[in-house]
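Input: a single structure, listed below in structure tokens.
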Amino acid sequence: MLAMIAGCVAGALYYIGAQRVTTVVAARDIPVIRPLTTQDLELRSVPPDALPTGAISNVGEVVGRVPKGPLWQGQPLVEQGLADDAAVFHTGLALRPGERAVAIPVAAVSAVGGAISPGARVDVLAVPIIGYLLGPAMKKGSSYNSWVTLGPLSDFPEGETRLVNYRNPVTTSWDGQTGDVPCWVRRVSGTTFQVFAINCAHLGCPVRWFAQSKLFLCPCHGGAYYADGSRASGPPERGMFEYEHKVIGDTLMISAGKMPTLANEASVKPPLTQIVGSGSAERLAALERPEPRCGSCQG
């Protein structure tokens, strides 16, 4: 009895194992994406449980179609792995806002995994080299004498100093908030204004205005300036830098492309005492020569 049962089981297993189905496989390695020919394909019998989803059993359904990736010898062809035309297949690469694509040197096959084949349509991105190299300089030159609006005169009460932001005309779209430049606007009276750069004339730290003391103070090294921008005390050897400005109608404008520095018009009063006129050399020498501190030191 046991022998009969064992024989039946063995026969069933043999029958199941003997069942085969035919599928199309690659007859050789195909590393480059291109339309397939009959020489690239062959039929092979495999067990049903070894058949992948979407497998193709007819060579005629594969000839002329383009695989979406390199093939190795014996690999079954599946419907989802084929395209009807090389132009239909693409990498799906899409750049999100703020991203850039950069070309790198690679081999012909590994460049796109064989995705580009003769007859495929590709998009070519041209890079304007001259514009890329000279664009910033050209833009800066065109914006050097730009005048920007700080606001209507009604925004600046007489006798007060206020902080105002303007957009630097020499910026790019990805500069973000770094393209916003603050400045101090002082309205003396009527249409008389002073517009100061926020940077200290010492090392460029941003200065703050204290209305109670009528002083601009630098938090970095203790520089102090009077309300008119002239130097009060501390390390700075000069007053604050001033923007060139003008009033057009009811609007205050500044020359924003040309930042106020020592290289152009800036602030106000001479920072150091100057000795000029006849006999200046002698007076300077007298200042440098120390006076004796007692009678015994003279001689």
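Only the coordinates and a few stated rules stand behind these numbers; no lab work does. Just so we're clear, the structure is a prediction, and the values are computed from it rather than from any experiment. Here the Cβ is made from the backbone with ideal geometry for all residues, glycine too, and neighbour counts use every protein chain on show.
Taking other C-beta atoms within 10 Å as the exposure proxy, Thr161, Thr22 rank Thr22, Thr161 from fewest upward. Compared with the direct C-alpha span, the chain from Asp175 to Val78 gains 30.0 nm at full extension, assuming 0.36 nm per residue.
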